[in-house]
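Quick notes on the structure that follows.
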Amino acid sequence: MSSIRKVLSGIVVLALAVPLLMPDVVSAAEKKVKSEVVMKVGNKVHLFHSGTADVKKEICLNDVITVYRESGGAKNPKTTEVGKVKVLSYAGEHYFEAEVVKGEVKPGDIAKKDTASCLIQPLK
């Protein structure tokens, strides 16, 4: 009987401690949001791609490509248009250099043109 009481008292203590820890999680999320890199109109970005001939054929210099942000997680995915970028030049085998021409983009957003997709990354 005493072991059941110990288990129950442990559960009660844990249940009371969880709400006390929640503000730390919320403040950590707020700090992350404040430190996120946001690239606005006029900022240059890198577009990471696979380097295959298909992508290089599909995306050309001076193309203006729509940028999307995916949210909602795996159970409820949602894709939202957040801006547009203009392809300026090639930057190595797996990158294009582009400029934000509309909206605000973040690292991890996806620039899509037909069947080709590129990952937005800050200019290094």
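The values are calculated or read from the model by the stated rules, or taken from the named source; none is laboratory data. These numbers come from a predicted model, not from an experiment. Cβ coordinates were reconstructed from backbone atoms using ideal geometry, including for glycine residues, and neighbour counts include every protein chain displayed.
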(message) Return the residues of the stretch 113-124 that are part of a strand (DSSP E or B) and over 17 Å from M39 (Cβ atoms); say none if nothing qualifies.
(response) K113, A116, S117
(message) Just to check your reading of the model, which residue among K124, K113, K106 is at pLDDT 90 or above and either out of contact with any strand residue (DSSP E or B) (no Cβ under 6 Å at 6 or more places or on another chain) or loosely packed, with under 12 Cβ neighbours inside 10 Å (or both)?
(response) K106
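Among the residues of the stretch 59-78 satisfying the criterion of being touching a residue at least 24 places away in the same chain (Cβ under 8 Å) and in a strand (DSSP E or B), which is surrounded by the most Cβ atoms within 10 Å (Cβ to Cβ)?
Checked the stretch 59-78; the qualifying residue surrounded by the most Cβ atoms within 10 Å (Cβ to Cβ) is V67.
Criterion first (at pLDDT below 95, out of contact with any strand residue (DSSP E or B) (no Cβ under 6 Å at 6 or more places or on another chain) and charged (D, E, K, R)) does K78 satisfy it?
Details: at pLDDT below 95: yes; out of contact with any strand residue (DSSP E or B) (no Cβ under 6 Å at 6 or more places or on another chain): no; charged (D, E, K, R): yes.
No.
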